[in-house]
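For reference, the structure is listed below as structure tokens.
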Amino acid sequence: MVVLLGVILQGGETLWNSPHPLEAEENAPASLIPFPREVIWGKGDLEIQTPLRWGIVVNAGHLGERDSRMLNTAWRGLCTEAGNECSKLQDRPSMFSLELAGIPELPVEGEAEGYKLVVDAKGVRIAAPHPAGLFNGIQTLRQLLEGRHSSLSYCEILDWPAFRVRGFHEDCGRNFRSVERLKKELDLASRLKLNYFHWHLTDFPAWHAQCKVYPQLNAPEHRTRDLHDTYSYDQIRELIAFARDRHITIIPELDMPGHSAYFDKAFGFPMYSEQGMKVLEDVIREFCAEVSAEDCPIFHIGADEIQIPNAKEFVARMSKLLLSLGRTPMQWGGPNDLPVGEFSISQRWGDGGDLAGHSLLPETILCRTIDSSMGYTNLFDPALLVRRWFFLRPCGVAKSDEQKLGAIICIWPDMRVDDKSRIPLYNSVWPGICAMAERSWNGGAGDGDAFPADMPSPDTEPGRAFALFEKRMEQIRQSIFAGEPFPYHSETGQQWLLVGPVPEARKEEARAKVLAGDYSGLPVRVAHGASLYFRTKPNTGCLGMFADSKPGECIWAVQKIHAEQSGRRPYFVGFDAPARSVRRWSGIPLPGEWSRCGTKVWVNGREFKNPRRYELAGKNRHERDPWSEEINEIPLVDEEVWWALPPAPFPLQKGENTIIVEQPYIGLFQTWSISIIPAEK
């Protein structure tokens, strides 16, 4: 029996629907992320001169200094995109105009950041009720211009975000990132209309924000990583101003009272003690004196992954102080965190399996909440990360309200990384951010909770939508993210026949039947996508098509591939990898092995052994949850992260080829999965 994929209602209607008509996306002359809420593509092109010599008309009196800086930053980016010499915006008639004005068609919730963009024979016009909308409109125009310096397609776009908070988080407490690198990331994030940056400044290894009142917090002898790296207040203010010019608000986090081994070393007492709380109050006062409330209206105190006897008192004291200093407190809101204060924003995240397989349940949101539960970039491999953010709904709803504020995707490179340029590669940062930007701008139009681990059929609306998103992401990869690590390759267009799961006692019998093409008496179903997830590790939520399976079972995946000619075709191949928070996994393969799990591959009936050779073959296997600073201090390397390796050459014959993969499930430490992704289309 073949079981087809998907969450299906009567009549074949899927529960998940695209927030915009897919025809508008199919007909788009450019790749846009996030895709506009409403768009009409016209017939015709606006011819533009090269180099561009556009001016601007701002039809709303005088802009404030900050708004002027923000719009000029966007304008300079647009000029660069079009190959034009940069200049300040001119208040003069031209073929390009910005206008601050009300837009009757915009819904009330879209006024703060919404815009209308029109390209026709008269020129290009962007109108918005507020400067933030003009900034967003310019970002869309930049994407429309990508690679087209002589013309623009006629269009009319009405656009606004579904969620007011659309952000990304970077842990610079465990792995310090330079200010110049963070500027690069902020600039790229602004291209996707993200508007918040959560800057995690302290963690177990070090307190990386300058502290004048207690300089021992920055002393190298109390640190375990990046011993001499500290963000000065001048650098912090510099980065905040850089972000503000790109319509991004920075949320600084000084994590307390947990994740603070350096604090105990520096003072000899814990943060939650009376002495410790007085130190923290002095530190908060100093930070808020150095960085204004206008620049940093939200202050994150962490409060995660710790239980202390005076939890309510601790939260109340820190929150009361921040409120008195004109700041909104923010805390992590997981099940093992301190109670969220009455006036704090809660940042929800997944701890273990409590959020496995579904969006955050809206009925559990009882205060102002930001959703970070859909996947940290360090937990999943690239395909599952992108799918979760694309199909799941921030805060479990379609759009913001007074309590459900939006989403922040988190980059937690917990393990030590010596070459910091590898962090976006190891953690699939930009593919994840693209999917997050798409969903947080467009909102969730339906229940797609089944799809991250079980891809929808390509002939369904969810399948079509994801395939179109992948095409857009591939174009964005080559334009906006050119030169950046972007470890994602198209998942759609592949179909597998899955045989199993089969218990250990039937493994030999089942293998013989599968290799002979005989599936009688065996469980069989169809699956889609280049990456198949049967069951992930407990610390990633136990997601998968067969999440209830137990170690000892085995699955075979069979795929037919047509090749135009004989030869070796490159594939990105992986069967297990550690989360970048812990090294819980099967380890680096031995010579000839595809994994330490007993994975086997056959191509056209002949077993095909792994041609790669590993410098650390057989090492770094950790079957138990190895959360320890000692293990995490061992630098992460490419051989542990299969998508960081070059593709493997598969021998194919001209015509039809059959690939069979045998994947046993050997233990809870394993991500039970298969990824065989063509590097060439």
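The values are calculated or read from the model by the stated rules, or taken from the named source; none is laboratory data. These numbers come from a predicted model, not from an experiment. A quick note on method: Cβ atoms are made from the backbone with ideal geometry, for glycine too, and the neighbour counts reach across all protein chains shown.
Below is a table of values for the structure above.
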quantity: Any chance Leu217 is at pLDDT 95 or above and either in contact with a Gly (Cβ under 7 Å, 6 or more places away or on another chain) or within 28 Å of Arg164 (Cα to Cα) (or both); calculated: no
quantity: Flag for Thr492 being crowded, with 22+ Cβ neighbours inside 10 Å, of a type outside the set (Lys, Arg), touching a residue at least 24 places away in the same chain (Cβ under 8 Å) and within 28 Å of Pro578 (Cβ to Cβ); calculated: no
quantity: Those residues of the stretch 645-667 which are farther than 17 Å from Val502 by Cα and in contact with a Pro (Cβ under 7 Å, 6 or more places away or on another chain), in sequence order; calculated: Pro647, Ala648, Pro649
quantity: Any hit, the stretch 547-555, residues being surrounded by 23 or more Cβ atoms within 10 Å (Cβ to Cβ) and at positive phi; calculated: no
quantity: Filtered residues of the stretch 210-225 (kept if of a type in the set (A, V, I, L, M), loosely packed, with under 13 Cβ neighbours inside 10 Å and in a helix (DSSP H, G or I)); calculated: none
quantity: Where a residue in the stretch 146-161 is closer than 14 Å to Met95 by Cα and its partner, wherever it lies, is basic (Lys, Arg) and in a strand (DSSP E or B), with Cβ under 9 Å and at least six apart; calculated: Tyr154/Lys43
quantity: Residue list for the stretch 119-152, filter: crowded, with 17+ Cβ neighbours inside 10 Å and farther than 26 Å from Gly64 by Cβ; calculated: Val119, Gln143, Leu144, Leu145, Glu146, Leu152
quantity: Residue list for the stretch 267-293, filter: among the charged types (D, E, K, R) and over 14 Å from Ser324 (Cα atoms); calculated: Glu274, Lys278, Glu290
quantity: Test: residue in the stretch 416-433 that is within 25 Å of Asp229 (Cβ to Cβ), touching an Asp or Glu at 6+ places or on another chain (Cβ under 7 Å) and surrounded by fewer than 22 Cβ atoms within 10 Å (Cβ to Cβ); calculated: yes
quantity: Residue that is surrounded by 14 or more Cβ atoms within 10 Å (Cβ to Cβ), farther than 21 Å from Gly529 by Cα, at pLDDT 95 or above and under 24 Å from the mean Cα position of the chain (by Cα), where the choices are Val641, Val637; calculated: Val637
quantity: Options Ala303, Ala261: the member that is small (Gly, Ala, Ser), under 32 Å from the mean Cα position of the chain (by Cα) and surrounded by fewer than 19 Cβ atoms within 10 Å (Cβ to Cβ); calculated: Ala261
quantity: Residue match in the stretch 608-629 (condition: hydrophobic (A, V, I, L, M, F, W, C), at negative phi and touching a strand residue (DSSP E or B) at 6+ places or on another chain (Cβ under 7 Å)); calculated: yes
quantity: Criterion: outside any strand (DSSP E or B) and surrounded by fewer than 23 Cβ atoms within 10 Å (Cβ to Cβ) - qualifying residue of His247, His228; calculated: His228
quantity: Tabulated pairs, the stretch 20-37, first over 18 Å from Ile476 (Cα atoms), second basic (Lys, Arg) and in a loop (DSSP other than H, G, I, E, B), C-beta under 8 angstrom, 6+ apart or interchain; calculated: His20/Arg37
quantity: The stretch 161-195, subset buried (at least 24 other Cβ atoms within 10 Å of the Cβ) and aromatic (Phe, Trp, Tyr), residue farthest from the chain's Cα centre (by Cα); calculated: Phe163
quantity: Residue match in the stretch 555-562 (condition: farther than 24 Å from Pro523 by Cβ and out of contact with any Ser or Thr (no Cβ under 9 Å at 6 or more places or on another chain)); calculated: yes
quantity: Boolean, Glu99 is outside the structural domain of Arg348 (by TED's automatic domain parsing), not in a strand (DSSP E or B) and not polar (S, T, N, Q); calculated: no
quantity: Pairs where the first residue, in the stretch 467-483, is more than 18 Å from Pro424 (Cα to Cα) and part of a helix (DSSP H, G or I) and the second is acidic (Asp, Glu) and modelled with pLDDT under 95, C-beta under 7 Å, 6+ apart; calculated: Glu470/Glu491
quantity: Long-range neighbours under 6 Å by Cβ, at least six apart or interchain, first residue more than 22 Å from Trp627 (Cα to Cα) within the stretch 581-598, second among the acidic types (Asp, Glu) and at pLDDT below 95; calculated: none
quantity: Residues located in the stretch 326-364, provided they are hydrophobic (A, V, I, L, M, F, W, C), at pLDDT 95 or above and surrounded by 15 or more Cβ atoms within 10 Å (Cβ to Cβ); calculated: Met330, Trp332, Leu338, Val340, Ile345
quantity: Subset of the stretch 622-681 [among the aliphatic types (A, V, I, L, M) and in a helix (DSSP H, G or I)]; calculated: Ile631, Ala644
quantity: Some residue of the stretch 413-434 being within 27 Å of Trp556 (Cα to Cα) and either in contact with a Phe, Trp or Tyr (Cβ under 7 Å, 6 or more places away or on another chain) or among the basic types (Lys, Arg) (or both); calculated: no
quantity: Qualifying residue in the stretch 530-538 (condition: in contact with a strand residue (DSSP E or B) (Cβ under 7 Å, 6 or more places away or on another chain), modelled with pLDDT under 95 and surrounded by fewer than 24 Cβ atoms within 10 Å (Cβ to Cβ)); calculated: no
